[in-house]
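To start, the structure itself, in structure tokens.
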Amino acid sequence: MSELLNSLIELIRRTSAEIPDDVHKAILTSLENEKKDSLAQNALKIVDQNIALAKNKSQPICQDTGSILFYVDCPVGYDQITFAETAREAVKAATKKGYLRQNSVDSLTGKNDGTNCGPGAPAFHFHQHRSNEIAVRLALKGGGCENVGAQYSLPDDGLHANRDLDGCRKAILDAVFLYTELESVIAEVRVTNEASRRVLARCGFQYEGSGMCARPAFNDVVAADCYRLTRSLWASLKGWRAPLPHGRLMVVE
């Protein structure tokens, strides 16, 4: 696996330190078209200089090397576990060499062990094909590319969402109402599941009644309580703190 390891380290280095030729050409064309000594021309000159420095020194071209995503096209039956293990070693080695910045942080604990490896990091997408060849593509997905999407950073004071599972739930619910036209979210839990009912209460869900709930995976039905969180209730909770069980507070946005 040493050949694969070295190839992956080189893939990481080039992805982090170099940009495609067509992109560089477009930047140089823009530089030539700008007015001499203008702010735009000076800014593009700095960009061009940084591109050269990053390539020559094999250093990250961006301050945020982001999430590490491997896309692997492989034959049927390929050992994906071994590949993932080798890729993680390559990420650790590349980070140690300075090809990647140490910017992978555990979203719950806030810990950064400096390896860029952990639960879900790096991420792997395997696609099987009938060819005997293996093709690996790498994307370093910095946070800036999410500017056009829904992104939350916990803790979030506006949501009163801490860096825990409750905080994640509040962020997800907020995104549901912000970016969809759903008027309500419905949740059904077994009548014996007290823990789930407490979770729903902390998120603002209101009890609506009890009944029988089908479980297709088990081909049966069970007694369940039904809870609903409406768009209007979510909006009404915005900006003020609603009392929660056990003396906790929640701000919903």
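Label positions at C226 and V191, each projected 7 Å from the Cα along the C-beta direction, are separated by 1.5 nm. Long hydrophobic helices in the chain, taken as whole DSSP H segments with a C-alpha length of 20 Å or more on their own axis and mean Kyte-Doolittle hydropathy at least -0.5: 2-17, 39-57, 80-97, 165-179.
Which label marks the calculated value of Rg/Rh (Cα atoms, Kirkwood Rh), given the options (i) 1.00; (ii) 0.98; (iii) 1.09? Comparing each candidate, only (iii) matches the computed number.
What percent does the relative contact order of the chain come to when contacts are Cα pairs within less than 8 Å and at least six residues apart?
Numbers: 360 pairs, mean separation 41.0, N = 253.
Here the relative contact order equals 16 percent.
Sparsely packed loop sites in the stretch 1-99 (the chymotrypsin sites (Phe, Trp or Tyr not before Pro) outside DSSP H, G, I, E and B with at most 16 other Cβ atoms within 10 Å) comprise Y78. The packing ranking, built from the mean of other Cβ atoms within 10 Å per residue, places the peptides 126-136, 177-187, 192-202, 87-97 in the order 87-97, 192-202, 177-187, 126-136, highest first.
Using helices alone, what [θ] at 222 nm do you get for the chain, with -39,500 (n - 2.57) per DSSP H run of 4 or more residues, divided over all residues and rounded to the nearest 500? Let's see the in-between values first.
On the way: 7 runs with 96 residues, N = 253.
It lands at -12000 deg cm²/dmol.
In a reduced charge model with +1 at each Lys and Arg Cβ and -1 at each Asp and Glu Cβ, the stretch 40-165 shows a dipole moment near 520 debye about its Cα centre.
Between the DSSP loop rule and a limit of at most 10 other Cβ atoms within 10 Å, which trypsin sites (Lys or Arg not before Pro) in the stretch 2-37 are left? Show your work: numbers first, answer last.
On the way: sites: R13, R14, K25, K35, K36; in loops: K35, K36.
Hits after loop and neighbour filter: K35, K36.
Rounded to the nearest 20 debye, the dipole size of the chain about its Cα centre is 520 debye, using +1 on the Cβ of Lys and Arg and -1 on the Cβ of Asp and Glu. Straight-line cross-link partners of K45 among the lysines, defined as a Cα under 29 Å from its Cα and at least 8 positions apart when in the same chain: K25, K35, K36, K55, K57, K97, K141.
With the convex hull constructed from alpha-carbon coordinates only, the stretch 68-168 shows a mean projected area of 8.2 nm² over all directions. At what distance in angstrom do the alpha carbon centres of the stretch 108-178 and the stretch 183-199 lie from each other? The distance from the Cα centre of the stretch 108-178 to that of the stretch 183-199 comes to 26 Å.
Quick note: the coordinates plus some simple rules give every number you see, no bench work behind them. Treat the numbers as computed from the prediction; the structure is a model and nothing was measured. FYI the Cβ positions are ideal-geometry reconstructions off the backbone, even for glycines, and counts take in every protein chain you see.
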